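Quick notes on the structure that follows.
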Amino acid sequence: MTISTSLFYDRNAQRLASLSGTATRLQTQISTGRRIETPSDDAVAYARLARIGRDSADAVVDQGNIDLAQTVLGQADTTLESVATQLGSAQELIIRANSGALSDNDRKAIAPQLRQIIDDLFALANTSDTRGGPLFGSATGDTAVTRDASGTVSFTGTGSAAPIPIGNGQTIAPSESAERIFGGIGGSNVFAVLNDFLAALETPGSAATAAAAGTAIDGVKATLDQVNATRGSIGARAARLELETARIDTADTARAVERSGLEDTDITQAIVDLQKTTTILQATQSSLSRLSQLSLFDYLR
């Protein structure tokens with residue numbers, strides 16, 4: 001009879017190593033609270049966890065873009081509120097200046113106030129957003145509007161400003177171009193309309209003022225309508241972003257639940273398994289120790 005001592009010890013050494021590895025793995029799962037560390041622990045779950053991680057990272061980027069868009073939209077709404085206030089003041093001055101009871105000097109006294117409003121509107125149109133670019137800029141150009149030595153205002157750049165991606169292939173425009181807000185008044189813009197009325201104020205006689213007042217009032221009203229429409233659109237976009245944030249939060253919660261189900265250790269079960277493994281390991285070590293002390297004669301006896 002041939003007895004392979006080497007095979008005997010090899011098999012038992014492999015069993016001991018396996019049991020020891022299992023015990024170590026269970027101890028790690030209990031201490032870390034995670035049952036999966038490498039693909040070998042559960043290849044399918046590991047792959048799904050990797051996908052969850054990528055989706056979560058994408059969600060962080062999307063939420064960052066949404067936060068940026070919300071900030072810019074809020075800035076645009078606040079700025080347009082100031083624009084509306086300035087336009088309202090301009091409207092009041094035009095109506096007052098068109099009163100037949102005013103003298104040339106009275107009308108000239110109104111001119112500096114209107115000029116200041118034009119300057120304020122120009123500055124508001126060129127407001128920079130939180131990113132440092134023009135809040136009401138187009139796709140090109142470093143500013144929204146420019147003004148030459150004669151006071152003529154022009155819109156800079158062409159095309160709509162670049163939209164901000166907010167996830168799932170969706171984008172949102174965080175503002176509107178200055179041309180859409182201040183232009184589109186019969187081929188002119190509110191700056192030109194107000195400058196024309198300003199020139200009429202500085203012309204002696206009430207006829208020039210009366211002739212320009214109607215056009216100026218219509219131009220200001222049209223611009224106010226565009227400002228209010230833009231603010232309404234901005235409000236709708238802000239509401240859409242709130243929905244996107246809620247969607248991301250819901251998806252994050254679902255991923256967290258799935259991740260926990262895939263990854264978290266069942267502590268109670270792991271402790272039970274560790275106790276079983278430890279018991280078997282100790283018994284195997286004890287048996288191997290006793291058997292290794294037996295001589296060939298003892299075995300054959």
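None of the figures in this text is laboratory data; all of them are computed from the coordinates on show. It should be emphasised that the depicted structure is a prediction, and the values quoted were computed from it without experimental measurement. Glycine gets a Cβ as well: all are built from the backbone with ideal geometry, and neighbour counts include every protein chain shown.
In segment 201-254, the inverse of the mean reciprocal separation of distinct Cα atoms equals 14.8 Å; this is its Kirkwood hydrodynamic radius. Here the gap between Ser150 and Thr278, fully extended at 0.36 nm per residue and compared with their Cα-Cα distance, gives a gain of 36.9 nm.
In sequence order, segment 44-52 has phi-based couplings of 5, 5, 4, 5, 5, 5, 5, 5, 4 Hz under the Karplus curve 6.51 cos²θ - 1.76 cosθ + 1.60, θ = phi - 60°, and Gly or Pro positions carry x.
The ellipsoid equivalent to the alpha-carbon distribution of segment 130-187 has semi-axes of 26, 13, 8 angstrom, derived from the gyration tensor eigenvalues as √(5λ) and listed largest first. Annotation: amide H-H contacts under 5 Å for Val145 (H modelled 1.01 Å from N, sequence separation of 5 or more, or interchain): Thr156.
The translational diffusion coefficient of segment 148-262, from Stokes-Einstein at 4 °C and 1.567 mPa s with a Kirkwood hydrodynamic radius over alpha carbon pairs, comes to 72 µm²/s.
Extension gain for Lys221-Ala199 works out to 6.0 nm (0.36 nm per residue, less the C-alpha to C-alpha distance). Stretching the chain fully between Ile95 and Val61 yields a gain of 7.2 nm (0.36 nm per residue, less the alpha carbon separation).
The Cβ shell under 11 Å around Ala238 holds other residues with a net charge of 0, Lys and Arg each +1, Asp and Glu each -1.
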